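Colleague: Below you'll find the structure I mean.
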Amino acid sequence: MIGQLSDEIGADSSSATMKLIGAWIMKIAWALTGAGHLLLESVELLEEVAGRDEHQVTVLLSGAGEEVLKMYGLFNRVKSLTGGYYQELVLEKDQMWSYPISGRFSLGRYDLLIVSPTTSNTIAKLVHGIADSLVTNAVAQAGKGKIRTLLVPVDLESGDVETVLPSKLELDLCQNCDTCEAAAACPPDAITPGVEINLLKCQGCAACQVACPFGAVSGGSIITIHMREIDVANSRKLQQLEGVEVIQHPNEIKNHLY
């Protein structure tokens, strides 16, 4: 297994490391960007990886990644996996413009960087050498620190793909009730009755879906979207980046951990 001996880490030791003195500890940084596609699959595997004693996982969220996790009701699941040194939850908004966390990557402090899911915007920046965000900076510095990097692009193959939507008002089913039960049940007050759900306020709790007697609020609807050729082409260019491996699905990450 890739990793560092816990008795050599010294001050870097966390509680999980201290339970495994003399054992191999793999330090992983997992970044999530603002894609809904492959998001649940990424979170489920992140939970599995972070739950193993031989892994220390730092979670990095882009600004859009944080927003989208909340829309899909997954933010708290991710947050619950963090806590402790090298097991932090790193939010882009807290890193300002210098992204000091990236120093760990240039110093080679991690064994593996995973970006799953990876949006087309992030990929376009990476293939053009742009490192002006938390995640793109982490990937760039990981290259300088010779840290192996796994990317799971959401726009990898040409054609159409099915993806899942967050909560959505179905206006054709809305009865324009005098009192909107869905809006009344929404903790963050994200619903404008008969108009829309403000996804930047939505927490993905699904209380609105349960409350509406007419089923006018949907969640998890499947839609088909078309992959743009420019995004597919950029994803293929990732293979040219030193130290970067491109994989098709989050489940394949497990094959790269040992």
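Colleague: Among Gly143, Gly73, Leu126, whose Cα sits farthest toward the positive end of the charge dipole of the range 70-165 (+1 at Cβ of Lys/Arg, -1 at Cβ of Asp/Glu, about the Cα centre)?
Modeller: Of the options given, the answer is Gly143.
Colleague: Please give the net charge around Thr224, taking every other residue with its beta carbon less than 11 angstrom from that of Thr224, where Lys and Arg add +1 and Asp and Glu add -1.
Modeller: -2
Colleague: Counting Lys and Arg as +1 and Asp and Glu as -1, what is the net charge of the other residues whose Cβ lies under 15 Å from the Cβ of Glu245?
Modeller: Its environment carries a net charge of +2.
Colleague: Could you tell me the relative contact order of the chain? Use alpha-carbon pairs under 8 Å, at least six residues apart, and round to a whole percent.
Modeller: 21
Colleague: Another one. Which trypsin sites (Lys or Arg not before Pro) in the range 95-167 sit in a loop by DSSP (not H, G, I, E or B) and have at most 12 other Cβ atoms within 10 Å of their own Cβ?
Modeller: Here the trypsin sites (Lys or Arg not before Pro) that fit, given the DSSP loop and packing criteria, are Lys146.
Colleague: Enter the Cα centre distance for the pair the range 62-100 and the range 221-258, rounded to the nearest angstrom.
Modeller: Their Cα centres are 22 Å away from one another.
Colleague: If R0 is 35 Å, what FRET efficiency do you get for Asp132 and Ser80 from their C-beta distance, rounded to 0.05?
Modeller: It comes to 0.70.
Colleague: Mind checking the dipole of the chain: about its Cα centre, +1 per Lys or Arg Cβ, -1 per Asp or Glu Cβ, Debye to the nearest 20?
Modeller: In debye, rounded to 20, the chain gives about 740.
Colleague: Another question, if that's okay. Please give every one of the lysines within straight-line cross-link reach of Lys168, meaning a C-alpha to C-alpha distance under 20 Å, and leave out same-chain neighbours fewer than 8 residues apart.
Modeller: Of all the lysines, those that pass the test against Lys168 - Cα under 20 Å, at least 8 places apart if same chain - are Lys70, Lys201.
Colleague: Quick check on the exposure proxy: order Met96, Met227, Met71 from fewest to most C-beta atoms within 10 angstrom.
Modeller: Met96, Met227, Met71
Colleague: While we're looking at this one, here's another question. Which one, Thr82, Val115, Gly243, projects farthest toward the positive side of the charge dipole computed for the chain from Cβ point charges (K/R +1, D/E -1)?
Modeller: Checked the options; the winner is Gly243.
Colleague: Next question. What distance in nm separates the simple spin-label points at Lys146 and Lys93, each placed 7 Å from Cα in the Cβ direction?
Modeller: 3.9
Colleague: Further question: Counting helices only, and only those DSSP H runs with n ≥ 4, report the 222 nm mean residue ellipticity of the chain as the sum of -39,500 (n - 2.57) divided by its residues, in deg cm²/dmol to the nearest 500.
Modeller: One gets -7500 deg cm²/dmol as the mean residue ellipticity at 222 nm.
Colleague: Considering Cα pairs under 8 angstrom that are at least six residues apart, work out the relative contact order of the range 167-219 and quote it in whole percent.
Modeller: Contact order relative to length: 49 percent.
Colleague: Same structure, new question: Based on other C-beta atoms within 10 Å, arrange Ser106, Ser42, Ser80 from fewest to most.
Modeller: Placing the least packed residue first, the sequence is Ser80, Ser106, Ser42.
Read-outs: derived from the displayed coordinates by stated rules, not from any lab. These numbers come from a predicted model, not from an experiment. Positions of Cβ are generated from backbone atoms using ideal geometry, with glycine treated the same way; all protein chains shown enter the neighbour counts.
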